Amino acid sequence: MTSPDLLDFACSAVTLGLTTLAAVLIFGSTQIRVSLYLAAYFACLAVDSVVGMALGGWRDVLPVEAVRWLHAVNVPLAYLLGPLLYGYAVALTSLPSSRHGRKLWHIVPYACVLLVSAGNAVAAFDRWPAGMSLVRFVYSAWVLQGMIYLVLAVHRTYQARPLLEQAHADEVALRLTWLRRLLALVGIIWALVAIDRIPIVTGMEESAWFGPVPGCATTVTLCVLAWFGLRQRVLVPPDFVEPTAADPESHAAAYARSGVDPVQCAQIADELRRLMRSEHLYADSHFDLQALSERSGWSPNYISQALNQGLGQNFFEFVNGFRVAAAESCLADPTDKRTILEVALACGFGSKSTFNAVFKRMTDRTPSQYRRSHPAFPDESPA
């Protein structure tokens, strides 16, 4: 076994251990709906690692028939990787009761490739040119299919913002930057795999040292994915109803069976405003709908209904309205000598960039522009 082969074998062994451990830990998570997709993703990679180790370590001694059967196991699984990552992104950013991602047509490519791979293992039609062309195509086309699902997953992170604004007030949480970067990293790895497959498809001479590159990069990516997957909390609380639009009639239809009338909505909204003012709950940069529910005693659905129907706001607008009001008071106070960053952190914003974005969205001015509009303050650099 050559040095590149040993490196590739070692990467497969590390990947096997990592994916097996991650799959077990994630499957034991309380976030069953979300964790199933990620656990299944790691399970597929674990099986692929076992096959990769067998092919890498014993390809020279394995009979051709055994190699075909091993490919009949791991090649179809590659067509599940894209759908599973997309399903994870959808489950993470949708209502707990949603049935998105359960459509069986997502596994049609897997089923077709399974039939082709198993058929080749039985009939060995790769002995003929046409059969070999088909086998090479199905062995490599999963990369293109996976890229399509990665694009759909990234699109989902943007599409989900209106829903997430009903439950979060943190701009960083709403951007889902970590998920987008992770999907981009997976896309880069799959692009490396596609480059690695070019010699197989075209019959060109294969580089001995490029082969381990996708394996090493995959191992690093899996570490990142396991880290974020195990730490990520549910973005949408249970028992939550999403209004389908921002108009009152839509809100009324969405909450028709909640049992809370408009008068009660107004009362709940007033109670929530008093609670926010008296306890300065908005000062916590990680404050979300679930936290407000636990502090107020009202269910997330009732709170959302009260804000939507009683105040015409979502949770993001409600909480950040208090934060911006507190920041305006600080910025307009001549005796308050704190920097803009210090004011931002004190008022519940996680960073200066988040403060700038939210403040400008709600006031049409940046914090620096607002402070400079009060002559008692010297000019600061623009935010």
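The values are calculated or read from the model by the stated rules, or taken from the named source; none is laboratory data. These figures come from a predicted structure and were not determined experimentally. Because the Cβ atoms are built from the backbone with ideal geometry, glycine has one as well, and the counts that use them run over all protein chains shown.
Some observations on this one:
- Selection status of residue 104, modelled with pLDDT under 90 and touching a Phe, Trp or Tyr at 6+ places or on another chain (Cβ under 7 Å): no
- Test set (1) part of a helix (DSSP H, G or I); (2) within 26 Å of residue 39 (Cβ to Cβ) - residue 116 fails condition number: (2)
- Counting the residues of the range 340-375 that are in contact (Cβ under 8 Å) with a residue 40 or more places away in the chain, outside any helix (DSSP H, G or I) and among the polar types (S, T, N, Q) gives 1.
- Within the range 149-179, the residues that satisfy the criterion of being surrounded by 16 or more Cβ atoms within 10 Å (Cβ to Cβ) and either more than 30 Å from residue 283 (Cα to Cα) or among the charged types (D, E, K, R) (or both) are 149, 150, 152, 153, 154, 156, 165, 170, 171, 175.
- Some residue of the range 25-47 being modelled with pLDDT under 90, more than 30 Å from residue 164 (Cβ to Cβ) and assigned to a helix (DSSP H, G or I): yes
Here's the yes/no breakdown for (1) at pLDDT below 95; (2) under 22 Å from residue 264 (Cβ atoms):
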site	(1), (2)
286	yes, no
290	yes, yes
295	yes, yes
312	yes, yes
324	no, no
331	yes, no
350	yes, no
375	yes, no
379	yes, no
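- Among the residues listed as 181, 156, the single one being assigned by TED's automatic domain parsing to the domain that holds residue 95 and at pLDDT 90 or above: 156
- Lone unmet requirement of (1) out of contact with any His (no Cβ under 9 Å at 6 or more places or on another chain); (2) over 19 Å from residue 174 (Cβ atoms); (3) not aliphatic (A, V, I, L, M) for residue 305: (1)
- Cβ-Cβ distances below 6 Å connect the following pairs, each with a first residue in the range 120-147 that is part of a helix (DSSP H, G or I), a second residue that is polar (S, T, N, Q) and buried (at least 18 other Cβ atoms within 10 Å of the Cβ), and a separation of six or more residues or different chains: 126/120; 135/120.
- Looking only at the range 341-367, and only at residues there that are of a type in the set (Ser, Thr, Tyr) and over 29 Å from the mean Cα position of the chain (by Cα), the one that is surrounded by the most Cβ atoms within 10 Å (Cβ to Cβ): 366
- Of the candidates 240, 210, the single residue that is aromatic (Phe, Trp, Tyr), assigned by TED's automatic domain parsing to the domain that holds residue 193 and modelled with pLDDT under 70 is 210.
- Residue match in the range 222-234 (condition: surrounded by fewer than 20 Cβ atoms within 10 Å (Cβ to Cβ), aromatic (Phe, Trp, Tyr) and modelled with pLDDT under 90): yes
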